[in-house]
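A short worksheet on the structure shown next.
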């Protein structure tokens with residue numbers, strides 16, 4: 001009988017371990033939808049933030065392009081004025097100081 005009793009005790013312990021593992025598995029499985037929902041919310045939040053960042057970056061790019069075109073026009077005008085002055089100033093100096 002002792003062999004049978006020890007076998008029965010061993011089986012009960014193994015069954016208890018299996019039950020414990022199943023309960024742990026069920027507990028973890030129950031939290032999966034909650035975790036997935038939380039990850040979805042975080043993803044949606046980050047997507048919104050990225051969209052806002054993209055809008056800001058587009059506005060910044062537009063502003064930089066406008067500034068670049070203005071600087072380009074200014075440099076063109078200054079170059080033309082410099083070229084005209086290089087031609088006109090020597091002629092004026094010859095007229096004023098013969």
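On the basis of the beta-carbon distance and an R0 of 25 Å, residue 92 and residue 70 show a calculated FRET efficiency of 0.20.
Normalising the Debye intensity of the chain to I(0), with uniform scatterers on Cα atoms only, and taking log10 at q = 0.20, 0.23 Å⁻¹ returns -1.03, -1.10. Calculate how steeply helix 2-96 sits against the longest principal axis of the alpha-carbon atoms of the chain, using the helix alpha-carbon long axis, and give the answer as 0 to 90 degrees to the nearest 10. That helix lies at roughly 0 degrees to the long axis.
A simple spin-label model places the labels of residue 12 and residue 37 4.1 nm from each other, with each point 7 Å out along Cα-to-Cβ.
Read-outs throughout are calculated quantities, based only on the coordinates presented, and are distinct from any laboratory measurement. Model, not experiment: these values are computed from the prediction. Positions of Cβ are generated from backbone atoms using ideal geometry, with glycine treated the same way; all protein chains shown enter the neighbour counts.
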